[in-house]
Each structure stands twice: as C-alpha cells, then as structure tokens.
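Below is one structure, written out as structure tokens; comments come after it.
We did not get these values from a lab; they are worked out from the coordinates using the rules stated. Owing to the predicted nature of the structure, the values given are computational and were not obtained by experimental measurement. Reconstructed Cβ throughout: ideal geometry from the backbone, glycine too, with neighbour counts over all protein chains shown.
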Amino acid sequence: MAPRISIIESLSDPGKEGRANEDRLGYNETSAFIFDGATGLGDRQFMEGYGSDAAWIAEFAATRLAERLDRDAEPKAVLRQISEEARDAFLAVAGDQPRYAWPLSSLTALQATQTGFRYFGLGDSCMYILHDDGRADFIIPIPGAYEWEQHQAAQHIARVGGIGAANIATSDPTTLEDLRRGRARQNTPDGTTWTFGVVPEAADHLAMVDVPLHGGGATAILCSDGLADLVALYKRYDAATLVQRAATAGLKSLVSELRHMEREVDPDGLKYPRYKQSDDTTAILLRLEA
C-alpha cells in the first residue's frame, strides 16, 4: 500500500470579527496544506470579492494546489506555475505597484509520494509531528522566524505602550514604515525571506524535507503561525504535547485556549509581544501511515 495521509480534523478561525480571514487550507487524497496570507501593507485593496488581497492570494493558491498536487507532482514546478498565474492576474488589475503592496502568503504542506512523505513550505507556517514511537519534531521553512518577530514586535510595544487601539500594529505610522521596508525585501536576492505570491522565483527557494516515520506512523499538525503561538509565544505546549492535545481534545480546544491568552490574559501584548491582538488561526490535524 502506498503511503497515506488521512485528515482527522481541520479548522480556520478569523482573528477578529469583521476583518477578513486571510488563511486558507486545502487537501486532497495525497496532500494537505495551509496558505497564510500576509496582512496587506498597501494603501488600498485591488482584488475585489475576497476581503483583502492577502485572502485572495491564499485562496487563489489553495484551490489550484488542491487540483494539481498528486503523488508524482514536483512542488517547485507546481508552485512556480501557480505563482506565474497569480502574478498575471494581479498585474492585470493592479498594474505597477510598490513591492510592499504585492500580495503574498506563507505555506506549509505535506505530500504523500509514491515512496514516502515530503514536507515543503515557504515563510513562517509550520508542522508539528508526533511519531508513534514517541519522537516529536517541529519543521518550519525559516528557523528562528517566531523569535525574530517577537523581538521586532517587542520594540513596537515598548515604543507605543501596547499593540495599539486598533489591535493591529500597522495602525502606527512608524511601525507601518518599518514593516513596509521589510516586506519590500521579501522575495528578492537582498532579503532573507521567501514567501508564496506573485514572484515565481520564490519556488526555487522552497524548503523541502523528507519525513520518515518512526514506529510505523505519525500524527501531525500543519498550522499557520497563529496556532504556533501556543508553543512559540505562550509556551503552553511543546511539539509532542500540542499534537497530543489536538488528538485528544480537538483543534477547537486549542483555538479557545489561544483566544483566551490573546484576549483575556494579555490583550495589549505587554507580556507576550506580537503585532496583532489575535491572528487568523488555521490548522489541519492529520495521520500519516506508511
């Protein structure tokens, strides 16, 4: 029997009522994945009907990847093609825009091939995996991404005294300018971050890792950085206990715990520095069997 992925549960919870959920999840018989759209830093929205350009790029990519990613597909080639199509669609509507206004997203994905399992991704979404023999691991395309963002967010918090009245740091002009400079360097040879969007060359920088199973099988969580805050920011779990909690109590219980930390324990980000009070949170709980 060929290696198999089984979806146990999935969910996507918006970070704020009235604000577009910029995450999208998808899966088919041989793969599962999440695109986490990066909140736009431009002055206006270009792609209508999705709530934001970030939500548009996440949906554009997720629907096409679900159609095209089978056991034999090469992720770099598939993602490059989808990115080319996204670039053409965006430019046809938006025309020439500064790079910080270009839509982009992170990606975390797992593919069952003919002989095993392959993780691939871009940006700061991740995977937690618990093998049947008790070993656990954490895979992220950009090691140290969460620690770096916490450091940057702490500087914003220290300067303005909290996340901000709008519950999102981009409401502060100085922080917005800093974020725009960093965003413009993404997907360029001068930057250090590669994400999925309208720059097809980013596919050449796709993080790809073979995932051998230990003990016969494994249970895993693919998630956007929102859920990962339970481990990376709030320190409520490690990789093993996060997967165990999801498998026994469900993903909704984890999201409830996350929202409690964000909205009741530390709404202003004074103890746990971050750019938003509550981020969109998307996760897929799945089973891997050889």
Practice task
Count the net charge of all other residues whose Cβ sits under 12 Å from the Cβ of GLU9, scoring Lys and Arg as +1 and Asp and Glu as -1.
Solution key: +2
Problem - Net charge, SER31 excluded, C-beta distance under 13 Å - Lys, Arg +1, Asp, Glu -1 - result: 0
Exercise for the section: Please report, in debye to the nearest 20, how large the charge dipole of the stretch 9-135 is about its Cα centre when each Lys and Arg carries +1 at its beta carbon and each Asp and Glu carries -1 there. Expected result: 280 debye
Completion exercise
Hull volume per residue for the stretch 1-61, using the convex hull of the C-alpha atoms, in Å³ is 95 Å³
Completion exercise
Each label sits 7 Å from Cα toward the beta-carbon; between ARG287 and VAL160 the label points are separated, in nm, by 4.6 nm
Exercise for the section: Using only the alpha carbons of the stretch 230-278, determine the length spanned along each of the three principal axes and report them from longest to shortest in whole angstroms. Expected result: 31, 17, 14
Practice task
Determine, for each peptide in 117-126, 152-161, 191-200, the mean count of other beta carbons within 10 angstrom over its residues, then list the peptides with the highest first.
Solution key: 117-126, 191-200, 152-161
Fill in the blank from the handout: Taking R0 as 30 Å and r as the Cβ-Cβ distance between ALA249 and GLU29, the FRET efficiency 1/(1 + (r/R0)^6), rounded to the nearest 0.05, comes to 0.65
Exercise for the section: Apply the Kirkwood formula to the stretch 99-218: the hydrodynamic radius equals the inverse of the mean of 1/r over all pairs of different alpha-carbon atoms; give it in Å with one decimal. Expected result: 16.5 Å
Exercise for the section: At 0.36 nm per residue, minus the direct Cα-Cα distance, what do SER256 and THR188 gain on full extension? Give it in nm, one decimal, please. Expected result: 20.7 nm
Handout entry: Spin-label pair ARG4/ASP43, simplified geometry with 7 Å Cα→Cβ offset, distance in nm
Key = 5.6 nm
Fill in the blank from the handout: In whole percent, the Cα-Cα distances of the chain spread across 5 Å bins from 0 upward as 1, 6, 12, 17, 19, 17, 13, 9, 4, 1, 0, 0
Practice task
Quick one: P(r) of the stretch 131-290 from all Cα-Cα pairs, 10 Å bins, percents rounded to integers, in order of increasing distance.
Solution key: 9, 32, 34, 21, 4, 0
Completion exercise
At R0 = 25 Å the Cβ-Cβ FRET efficiency linking THR63 and GLU17, nearest 0.05, sits at 0.50
Completion exercise
Once ASP88 and HIS151 are pulled to full extension, the length gained, defined as 0.36 nm per residue separation minus their Cα-Cα distance, is 19.1 nm
Problem - Over the stretch 1-117 - Rg/Rh using Cα atoms and the Kirkwood inverse-distance radius - result: 1.01
Practice task
Would you check the chain for Lys pairs whose C-alpha atoms are within less than 29 Å, ignoring same-chain pairs closer than 8 in sequence, and give me the count?
Solution key: 9
